[in-house]
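The values are calculated or read from the model by the stated rules, or taken from the named source; none is laboratory data. Here the structure is a predicted model, which means the values were calculated and not measured.
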Amino acid sequence: MRLVGLSLGLMGLGLAGCGAPEATHDRAYFVGHPDERAQALVRCHNDPGRLSATPNCLNALAAESEAEHDRAFHGARPTTGGVSRPDHL
């Protein structure tokens, strides 16, 4: 009887892993695909206990950090130099 229970338990574990695996993308992929990066980050934040250490979550987070750095430090520069309204200083 114990053998039957053990067999069924192992079969259940085997079937649980039969789902189609999610494609793994690198950081560069997520940098170039902001919509997919946003979707991955939503999934990662909704289930951090299970997903936070997966390659896609780590790579999407690294890509988001890089994109945020680029927006903050390499964004569009002002079109005019200096003070635009010196009378309001």
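Some observations on this one:
- Test: residue in the stretch 68-89 that is hydrophobic (A, V, I, L, M, F, W, C), at pLDDT 95 or above and in a helix (DSSP H, G or I): no
- Those helices (runs of 4 or more DSSP H) lying entirely in the stretch 13-66 with at least 3 residues modelled with pLDDT of 95 or more and among the charged types (D, E, K, R): 34-46
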